[in-house]
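To start, I am sharing the structure in question, which I have written as structure tokens.
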Amino acid sequence: MANLFCDFRFLLLIAAVVFIYIQMRLFATQSQYADRLAEAVESENHCTGQMRLLIDQISMQQGQIVAFEDERKRHFEERLQMKTLLQDLERKGLQQLTDKTQVPVAAVVIMACNRADYLDKTIKSVLKYQTPVASKYPVFVSQDGSNPDVKKKALSFDRLAYMQHLDYGEVETERPGELIAYYKIARHYKWALDQLFYIHKFSRVIILEDDMEIAPDFFSYFEAAAMLLDKDKTIMAVSSWNDNGQKQFVHDPYLLYRSDFFPGLGWMLTKSIWDELSPKLKENHKGRQFIRPEVCRTYNFGEHGSSMGQFFKQYLEPIKLNDVQIDWMSMDLSYLMEDKYVKHFADVVKKAKPVYGNDAVMKAFNVAGDVRIEYRDQSDFENIARQFGIFEEWKDGIPRTAFSQAFGNIKHELIYETQSTVDLLIIRSRELL
């Protein structure tokens, strides 16, 4: 009996040990789970905190987005209101500038951007001679961009209408390295001419830049030229500029020419021509030519601009601006019509004395009257032009001021008038010449 009792106590002891061991293991396991749970809770709290922070940031960004969107809408509405206001001002200004009983010859638009001092000088020059014929030539200033000084300057004149071109679009050049400025200028030109031809319904527009002075007979010249444009559809535009109109080369303010080369720098075109050019904004002569004077009716004083002063000192600064008041409406300009000009020009060429040899340029200075100097190719022409001090540059295969269509493609010649004049009539003449 005593042995049985001892065995029972031994079993109880073993059971107690096992129980204690199990309890210890359970306690250890519970402690591990408790630690893991604490870590999980801490991690969850951290994640919750991060999530709340992200939610706060997202909420703040959403608030900023809403604010930006409101700001954008406000700016859009302001721009729309400003555009409406400008159109209203322009419309009122145009009503004041035009005479309902007088059909305008052409609108005059001064293209401006960021040169308020230049613009001031140009406007004053234009208005000086435009005042007596204001009803025939309403004046506009078209500003590209939002330079405040230019806008203020334009609006300070009550005898013109103001337009503003705002273009924030990206510019993609056709070739690497091209100046973006020229593409922006082209966009501005297209917008301004579309406005004047299609919104304001003008039949002709004269384009000036914000760095030009005009001659006393500027408007008379273009009024007579408008009649030529209407009669002769082979004339693409009329220019007031001669690239080789430097003081030492010109003397006759009555002489006008046809040219294959587009001179620009103060020019007039018609709506029918712009209908062709506007969709693609690329020049296409289609065999048409340009009228230009011997003595310039515009003077370009803009040394600083998009072209960075290219050619200014050598070619632009010495330009002679006509100072003779000519009544062009009383002049017979029929010789400039296509059917007459070929014969007229051929007669000039035939009468010119041919000069040959390597010293032809020197010989030309000792001949009274016109001389004719033959050149073989572009390189030869550039050499002769360099000696005279006239433009050597060619564009689209022709020299500046060139006239070639009347004579085929056999020879190249240059006409030089020795009485302080280089007319630079570039032709391709027949063998008999």
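Carbon-plus-sulfur fraction of the accessible area of the stretch 115-209, 1.4 Å probe, in percent?
54 percent
Using a 1.4 angstrom probe and counting only protein chains, how large is the accessible area of His188 in Å², to 10?
10 Å²
Something else: Sort the following peptides by mean Cβ neighbour count (other Cβ atoms within 10 Å, averaged over residues), highest first: 371-383, 149-161.
Details: 371-383: 15.8, 149-161: 17.6.
The most tightly packed comes first, giving 149-161, 371-383.
For Ile206, what residues show an amide H to amide H distance below 5 Å, using hydrogens built from the backbone and excluding near sequence neighbours?
Ala107, Val108, Val109
Placing +1 on the Cβ of each Lys and Arg and -1 on the Cβ of each Asp and Glu in the stretch 219-346, which of Pro318, Met236, Phe301 has its Cα farthest towards the positive end of the resulting dipole?
Farthest towards the positive pole: Met236.
Give me, ordered by chain and number, the residues 5 or more places off Glu374 or on other chains with an amide H under 5 Å from its own placed amide H.
When sequence neighbours closer than 5 places are left aside, the close amide H contacts are Val355, Leu414.
Still on this structure: Take the Cβ-Cβ distance between Arg25 and Phe68 as r, set R0 to 45 Å, and report the resulting FRET efficiency rounded to the nearest 0.05. Numbers along the way, then the final one.
Working: r = 62 Å, r/R0 = 1.39.
Calculated transfer efficiency: 0.10.
What length, rounded to one decimal in nm, is gained on full extension from Tyr335 through to Asn366, with 0.36 nm per residue of separation minus their alpha-carbon distance?
8.2 nm
I'd like the carbon and sulfur percentage of the solvent accessible area for the stretch 248-302, probe radius 1.4 Å, heavy atoms only, ligands and nucleic acids excluded. Mind dumping the intermediate values first?
Numbers: 1110 of 1990 Å².
Within the stretch 248-302, the accessible surface is 56 percent carbon and sulfur.
Taking H as built 1.01 Å from N, whose amide H comes closer than 5 Å to the amide H of Tyr162, not counting residues under 5 places away?
Val141
For a quick check of your reading of the filter: which trypsin sites (Lys or Arg not before Pro) in the stretch 247-296 sit in a DSSP loop and have no more than 10 other Cβ atoms within 10 Å?
Lys280, Lys282, Lys286
Please calculate how many Å² of accessible area the stretch 159-313 carries per residue, with a 1.4 Å probe and no DNA, RNA or ligand atoms counted.
42 Å²
Please list log₁₀ I(q)/I(0) at q = 0.09, 0.13 Å⁻¹ for the stretch 215-355, using the Debye equation with identical point scatterers on the alpha-carbon positions.
The calculated log intensity ratios at q = 0.09, 0.13 Å⁻¹ are -0.30, -0.63.
The values are calculated or read from the model by the stated rules, or taken from the named source; none is laboratory data. Values in this document were obtained by computation on a predicted structure and should not be read as measured data. Using ideal geometry, Cβ is built from the backbone for each residue, glycine included, and neighbour counts are taken over all protein chains shown. Side chains included, ligands, DNA and RNA excluded: accessible areas come from the protein's heavy atoms. Shrake-Rupley method; radii C 1.70, N 1.55, O 1.52, S 1.80 Å.
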